[in-house]
Amino acid sequence: MEEEARPAGGGGIVRAAGGALARLVALAVLAAAAPALAAAPALLGEFGPWAAWSLDEPGGKLCYMYAEPERETGKYTSRGDTYMQITHRNAAKSRNVVSVTAGYTHKPESEVELVVDGSKKFMLFTDADTAWARDAETDAAVVGAMRAGTRLVVRGTSSRGTLTTDTYSLNGVTSAHNAIGKACGVR
């Protein structure tokens, strides 16, 4: 099997509230948010490849930003949607929750490696197709490194043992993060 390297939408996701991935991420956020939401997600802005959104839910606002990788590499024949997200959720009093959706189910008990600018390394735990930071301190450290960085590389392993490497541009991260912080009243 040949190695596949595909450029991701590079902003295509943020172009449209009507885009397929934008709808998918909005639906995932809505499903996690609660059964009774007061409003649909509102686009706060597009910042390079990053889009910022907010929505009202019982107990406060939910605000999130996400982007697709610029490049996805691995020896796979097919893969689902891949994106990274940072979320503030007032009702849960959660801030800067970092998650990476891989487009495949991760190898059980595996970790995902995030590296910012080749030097700042973080390990995330996996659950099904998503990787998460283990605690709020790691979330905050990842977000701080992303705000100061220019490139993020994510490495993971599928349940079939396929290694993948996804590269994200961090252009626009600070502006998108500021937008979700303002919308959710997070400093």
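Below are the figures for this structure:
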| read-out | value |
| --- | --- |
| Residue within segment 79-87 that is under 21 Å from LEU44 (Cα atoms) and small (Gly, Ala, Ser) present | no |
| Residue selected from segment 67-91 under the condition closer than 18 Å to VAL153 by Cα and open to solvent by 40 Å² or more (accessible area, probe 1.4 Å), by the criterion modelled with the lowest pLDDT | LYS75 |
| Answer residue from segment 136-162, given it is in a loop (DSSP other than H, G, I, E, B) and not charged (D, E, K, R) and is farthest from ILE180 (Cα to Cα) among those | GLY161 |
| Residue list for segment 92-135, restricted to those being assigned to a strand (DSSP E or B) and either open to solvent by 70 Å² or more (accessible area, probe 1.4 Å) or among the charged types (D, E, K, R) (or both) | ARG95, GLU111, GLU113, LYS120, LYS121, MET123, ASP127, TRP132 |
| In segment 154-175, residue nearest to the chain's Cα centre (by Cα) [restricted to those that are of a type in the set (A, V, I, L, M) and over 15 Å from GLY118 (Cα atoms)] | VAL173 |
| Extreme residue, least open to solvent (accessible area, probe 1.4 Å), among residues of segment 136-153 that are closer than 13 Å to SER119 by Cα and β-branched (Val, Ile, Thr) | VAL142 |
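Residues checked against (1) over 26 Å from ASN178 (Cβ atoms); (2) out of contact with any helix residue (DSSP H, G or I) (no Cβ under 8 Å at 6 or more places or on another chain); (3) of a type in the set (Ser, Thr, Tyr):
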site	(1), (2), (3)
LEU43	no, yes, no
THR82	no, yes, yes
VAL98	no, no, no
HIS106	yes, yes, no
VAL115	no, yes, no
LYS120	no, no, no
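The values are calculated or read from the model by the stated rules, or taken from the named source; none is laboratory data. Model, not experiment: these values are computed from the prediction. Don't worry about glycine lacking a Cβ; one is built from the backbone with ideal geometry, like all the others, and counts go over all protein chains shown. Please note that ligands, DNA and RNA were not included when accessible areas were found on the heavy atoms of the full protein model with its side chains. Shrake-Rupley method; radii C 1.70, N 1.55, O 1.52, S 1.80 Å.
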